[in-house]
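Report on the following structure.
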Amino acid sequence: MAVEKKFVQDGYVKASMDEYFAKQLSRAGYGGMDINRTPMGTQITVYAEKPGMVIGKAGKVIRKLTRDVDRLYDLDNPQIDAQEVKRPELNAQMMASRLASSIERGWYFRKAGHNTMRAVMNAGALGCEIVISGKLTGSRSRVEKMVNGYIKHAGKPVDDIVDDGFATAVKKLGTLGCKVRIIHPDAVLPDSYRLKNAEELGALAVPAPAEEEKSAGIEELVEVEAKGEVAEAEEAVVEETAKAEAETVEETVEEVAASEVEADVITGESVTEEGEERREVNGVWQHKHGAHDYWHPTGRMHRES
């Protein structure tokens, strides 16, 4: 058999087996199946709301299902295992069966659809879509769609994160198709994103060096710091010298201005000596001579030019 034909045959067997289990296990709350082919045989896992009804008394029902599957589909040593569904509201096949059952019991289709969607979303689903088609209210067939949350319709994410379920409701006017699509709470959406907070950004920063690396580089750090301190000290000496010279000039200018402004508070008489004039201002003796032709305190140390 060609590869293409083998894939088609496997898909047909799986779909046909799914319909068979849905018909036989409707009262047990059938919720889908998985097929896993191994060298030891074909492992079939059946998901149901009531796995006890799938097994039956002393395993009677599950043995019958195994014989029928082996006879109808010619599988290699089939083995059926029943698993319980913990949260039926997040199983699309179960919710589709419940919706079809509600419509068959006489519920209005829109009320039944919204109740089903409310149950699915309250269970924490990220999105739900319900499509009911057939003769809903009149003699002409139409389609009613209900959507809530986030739903994907195309691409690979449909196969990865969307759970599909289908069931039929048989009424007097005709048969209604009920399709339910659910995205589970733990599904990873292809376009989802999350903003990082300040703490996470700080954790992603460059880590601090280890203790061993710190101790290994202590000597180099000491040498660098010593060189830096010497350079800073030299710069400080130069800055202090410049500041001292600037302060001397400023004080000289201020004293000259003060002598001009406070000329009327001179208390001592001016005494003239060889090339020098002296006076007393507010109890302080000042003098003026050729080298420094302005009044200044007598006790000031003069810098040699």
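The values are calculated or read from the model by the stated rules, or taken from the named source; none is laboratory data. Predicted model, so just to flag it, every value in this text is computed and none were measured. Neighbour counts are summed over all protein chains in view; Cβ atoms, including those assigned to glycine, are modelled from backbone coordinates with ideal geometry. The area values use the complete protein model at the heavy-atom level, side chains included, leaving out ligands, DNA and RNA. Shrake-Rupley method; radii C 1.70, N 1.55, O 1.52, S 1.80 Å.
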Helices (runs of 4 or more DSSP H) wholly inside region 44-161 containing at least 1 residues that are of a type in the set (Ser, Thr, Tyr)
60-73, 92-104, 109-122
I'm trying to understand the selection: among the residues of region 276-289, which are open to solvent by less than 70 Å² (accessible area, probe 1.4 Å) and part of a loop (DSSP other than H, G, I, E, B)?
Gly283
Among Arg98, Arg37, the single one that is open to solvent by 80 Å² or more (accessible area, probe 1.4 Å) and closer than 30 Å to Lys145 by Cβ is Arg98
Those residues of region 1-34 which are crowded, with 16+ Cβ neighbours inside 10 Å and not in a helix (DSSP H, G or I) amount to Leu25, Ala28, Gly29, Tyr30, Gly31, Gly32, Met33
Within region 101-136, the residues that are without any contact (Cβ under 8 Å) to a residue 12 or more places away in the chain and farther than 17 Å from Pro88 by Cβ are Arg105, Gly106, Trp107, Tyr108, Lys111
Tell me which residues, restricted to region 154-167, are surrounded by fewer than 16 Cβ atoms within 10 Å (Cβ to Cβ) and modelled with pLDDT of 90 or more.
Asp164
For region 46-83: of the residues being within 19 Å of Ser97 (Cα to Cα) and not small (Gly, Ala, Ser), which is most open to solvent (accessible area, probe 1.4 Å)?
Lys50
